[in-house]
Amino acid sequence: MIHSLIRLRLQILFSLMVLVGAAGPAAAKSTWVSIRDLHGGQATCLDIGGTQQDYVLLDADTPVRTTVQGPRRLKLITRYVFDAEDRARTPYTVIVAVDGAEVLRKSFTGQTQANAAVCQKADQRIGVIRRGYLDIPAGRHEVTLRAETEGRGRVATRVFRLVRRQPEAWVTFAPEGYRELRHLQFESGAQSVYYQFAAGSPLRLMLNGPTTLRLGTRLDFDHTMNGSQNYALQVTIDDEVWRTFHFDATALTAAHYIERSDLLPGVRKELRIAVPRGRHKIEIHCVRPEVCGVAAMIHIPKRDVQR
């Protein structure tokens, strides 16, 4: 009786939408995160269009288990892994239970995908992707997955949970070292503060990680420069080269620097720096062209300002 009530409740709460091809867009400010702690199934690697992805194989007798804290939406992805004797279209069924009560028994058809195979086994065919969605109610629940097939192959799965994230709040950040301070005036009347640096005078910051820096950079243009210009910025962390960024920019004619009427700002090009844990010296060098000037606006997550 109790199981029947649980099953009835979950059948109302749970839905599965079968999509062949692309799924509908996820809700704004949300992202899908892979659930790694799947227990009871054999791990396998699938090569999908040149990208290797980790899957878990399902069978009829031994369920794959995971624990989910609700309320939470899950996305279930499955692919049929063909046996050499399977025909081109092979039916299979996915069975999902929550807390021991079966809530879903859905049939699919495995169809060969041209650019997919088992890793290191290019001749073993893989089926097209099938997607489904489950809404888990509040509380902690055990979710189990099984699969039955009409062929000799197996069903591979990946499970994701939907994570809703608040938009990150960013604030401006002032560097310790720069060449000159500039105010960028737009035609709308808005102003922004930029910090200029050059080939022999890098932008320098000292801060604590882990955090992320977001830099909006603008190459200096004089009034004789036409068309697009290439420039390269090299980032060092504690005097070790971390990464070099290459940009192609044109002049922005709808704004000007209040302090430098002889220069035009370039269109904004953005880069991000992943700062590791601990206190670090960050420098941004303009390494190309040989004579260059770049102005930057720096942002950091608000939550990391006081770190």
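The values are calculated or read from the model by the stated rules, or taken from the named source; none is laboratory data. Keep in mind the model is a prediction, meaning the values are calculated, not measured. Don't worry about glycine lacking a Cβ; one is built from the backbone with ideal geometry, like all the others, and counts go over all protein chains shown.
Here are some notes:
- Scanning the range 208-233 for residues that are out of contact with any Phe, Trp or Tyr (no Cβ under 8 Å at 6 or more places or on another chain) and part of a strand (DSSP E or B) returns Asn208, Gly209, Pro210, Thr211, Thr212, Leu215, Gly216, Asp220, Phe221, Asp222.
- Selected residue [at pLDDT below 95 and either of a type in the set (Ser, Thr, Tyr) or not assigned by TED's automatic domain parsing to the domain that holds Cys45 (or both)] from Tyr133, Tyr92: Tyr133
- Subset of the range 61-93 [more than 14 Å from Arg154 (Cα to Cα) and touching a Leu at 6+ places or on another chain (Cβ under 8 Å)]: Arg65, Thr66, Val68, Arg72, Arg73, Leu74, Lys75, Leu76
- Checking Gln42, Gln53 one by one, the residue that is assigned by TED's automatic domain parsing to the domain that holds Gln124, surrounded by 14 or more Cβ atoms within 10 Å (Cβ to Cβ) and not acidic (Asp, Glu) is Gln53 and no other.
- Residue selected from the range 64-92 under the condition part of a strand (DSSP E or B) and hydrophobic (A, V, I, L, M, F, W, C), by the criterion surrounded by the most Cβ atoms within 10 Å (Cβ to Cβ): Val81
- Check on Pro175, in contact (Cβ under 8 Å) with a residue 60 or more places away in the chain and touching a Pro at 6+ places or on another chain (Cβ under 8 Å): no
- Residue selected from the range 46-63 under the condition of a type in the set (A, V, I, L, M, F, W, C) and in a strand (DSSP E or B), by the criterion farthest from His141 (Cα to Cα): Ile48
- Selection within the range 219-243: residues that are closer than 18 Å to Gly293 by Cβ and under 26 Å from the mean Cα position of the chain (by Cα). The member of this set that is surrounded by the most Cβ atoms within 10 Å (Cβ to Cβ) is Leu233.
- Screening Arg140 on (1) in a strand (DSSP E or B); (2) surrounded by 13 or more Cβ atoms within 10 Å (Cβ to Cβ); (3) out of contact with any Leu (no Cβ under 7 Å at 6 or more places or on another chain); (4) not acidic (Asp, Glu) shows it passes everything except condition (2).
The rows are residues; the columns are (1) part of a strand (DSSP E or B); (2) more than 14 Å from Gly216 (Cα to Cα).
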{"residue": "Val241", "(1), (2)": "yes, yes"}
{"residue": "His246", "(1), (2)": "yes, no"}
{"residue": "Thr253", "(1), (2)": "no, yes"}
{"residue": "Glu259", "(1), (2)": "no, yes"}
{"residue": "Ile273", "(1), (2)": "yes, no"}
{"residue": "Ile282", "(1), (2)": "yes, yes"}
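- In the range 197-218, the residues that are over 14 Å from Ala295 (Cβ atoms), buried (at least 18 other Cβ atoms within 10 Å of the Cβ) and either touching a Ser or Thr at 6+ places or on another chain (Cβ under 8 Å) or at pLDDT 95 or above (or both): Leu205, Leu213
- Among residues of the range 93-135, those that are within 15 Å of Leu46 (Cα to Cα) and part of a loop (DSSP other than H, G, I, E, B), counted: 4
- With respect to the conditions (1) surrounded by 12 or more Cβ atoms within 10 Å (Cβ to Cβ); (2) within 17 Å of Ala198 (Cα to Cα); (3) at pLDDT below 95, His285 falls short on a single one, namely (3).
- Filter pass, Ala147 being buried (at least 18 other Cβ atoms within 10 Å of the Cβ) and not assigned by TED's automatic domain parsing to the domain that holds Leu264: yes
- Scanning the range 164-176 turns up no residue that is modelled with pLDDT of 95 or more, buried (at least 21 other Cβ atoms within 10 Å of the Cβ) and not assigned by TED's automatic domain parsing to the domain that holds Val81.
- Residues within the range 31-47 that are more than 21 Å from the chain's Cα centre (by Cα) and under 18 Å from Ile129 (Cα atoms), tallied: 2
- Cβ pairs under 6 Å, 6+ apart, first in the range 48-60 and modelled with pLDDT of 90 or more, second acidic (Asp, Glu): Ala60/Glu148
- Any hit, the range 189-196, residues being part of a loop (DSSP other than H, G, I, E, B), crowded, with 18+ Cβ neighbours inside 10 Å and either modelled with pLDDT of 95 or more or at positive phi (or both): no
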